[in-house]
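Quick notes on the structure that follows.
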Amino acid sequence: MLPFRVHILGCGSALPTLRHHASSQVVEIRDKLFLVDCGEGCQMQLRRSRLGFTKINNIFISHLHGDHCFGLIGLISTLGMLGRTAPLNVYAPSDFESMLYAQINTFCGGLGYEVRFVPLDTEVKKIIYDDRSLSVETIPLNHRVPCCGFLFKEKPTLPHIRRDMIDYYGIPESQINNIKNGMDWVMEDGDVIPNSRLVTPADPVRSYAYCSDTKYMPQLSQVLRGVTTLYHESTYGEDNKKNAEKYYHSTASQAATVARDANVGQLILGHFSARYNDESILLEEAKSIFANAFLAKEMAIFNV
Ligand SMILES: [Zn+2]
Ligand SMILES: [Zn+2]
């Protein structure tokens, strides 16, 4: 299978701790890298991850809270120092545009590349990125400020060639693409070899949803139905349900309920409150509702 991975750079919440970095992660799909949120220190984490981060051409910012975007100007500046010339697309809630360009004008004089701002309407579900191998769609969330998540969906690939059958029937290399695209093979004597004998099915299509930050949204399970991997914030446990309500965050139980109701493949919990010295309590809480749950951790890599 082609790579589809999530690299966690930071999974803490707003208050800094020595345990976690602020929110940011890299979604790697096939040969592309996408940065999702860019909390303070993101560029140091990118260095640590050894990802070739100059390859990042698209950055998605979920909302304008500092723990999700304070690292952006630093990263933009560094990419300039590294001699970047390719344009960089920044997708973020529309209010960010003037602030971002004011920062760039103040701190990044003579930047050698273009930063292209793409304003997001966080209240609608919309495809904001699309290429040959994937699409990215916004997921409206319910937070204290305009906020959306992101749904990464890969596009279907072609079936796999059965090399043994190709050799057995002596099918020339020039026909491989046609066979992949569904063609049957006709032998010289007129016998037809059905396509199904020449290929094995394509890999199933995978998808990844990033949902941080948000209050519990029961209706999210409709939008996320069947998603392969879900990252859902779980700032608190049920012990702090009142704070979750008050600050428009979720508990681990609520994240797991969304995962269960949406019938996702696996759940990654993140955006942990500084009050937890040990998040295993959050994991246990989630697992009692949805068994295939994991804790995010800096430098962890999850296969979607
Ligand atoms: Zn946050
Ligand atoms: Zn927030």
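Summary of values
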read-out	value
Lysine pairs meeting the criterion (Cα under 16 Å, 8 or more apart or interchain), as found in the chain	9
Candidates per trypsin sites (Lys or Arg not before Pro) in the range 115-147, loop by DSSP, up to 11 other Cβ within 10 Å	ARG132
Helix-only [θ]222 nm of the chain, DSSP H runs n ≥ 4, -39500 (n - 2.57) each, per residue, nearest 500	-6500 deg cm²/dmol
Nearest-20 debye value, the range 117-182 charge dipole, Cβ charges on Lys, Arg, Asp, Glu	140
Full-stretch length increase - ASP189, ALA102 - with 0.36 nm per residue and alpha-carbon distance subtracted	24.0 nm
Formal net charge of residues neighbouring MET1 (Cβ-Cβ distance under 11 Å; K, R +1; D, E -1)	+1
Highest average packing first - 136-142, 9-15, Cβ atoms within 10 Å	9-15, 136-142
Charged-residue dipole, Cβ positions (Lys, Arg, Asp, Glu), the chain about Cα centre, Debye nearest 20	500
Residue-normalised accessible area of the chain, expressed per residue, 1.4 Å probe, Å²	47
Most mobile of VAL36, VAL258, VAL115 in a GNM of the chain (Cα contacts under 10 Å)	VAL115
Surface share of carbon and sulfur [accessible, 1.4 angstrom probe, percent] for the chain	52
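The values are calculated or read from the model by the stated rules, or taken from the named source; none is laboratory data. Since the model is a prediction, treat every value here as computed from it, not as a measurement. Cβ coordinates were reconstructed from backbone atoms using ideal geometry, including for glycine residues, and neighbour counts include every protein chain displayed. Quick note on the areas: whole protein, heavy atoms, side chains included, nothing else; ligands and nucleic acids left out. Shrake-Rupley method; radii C 1.70, N 1.55, O 1.52, S 1.80 Å.
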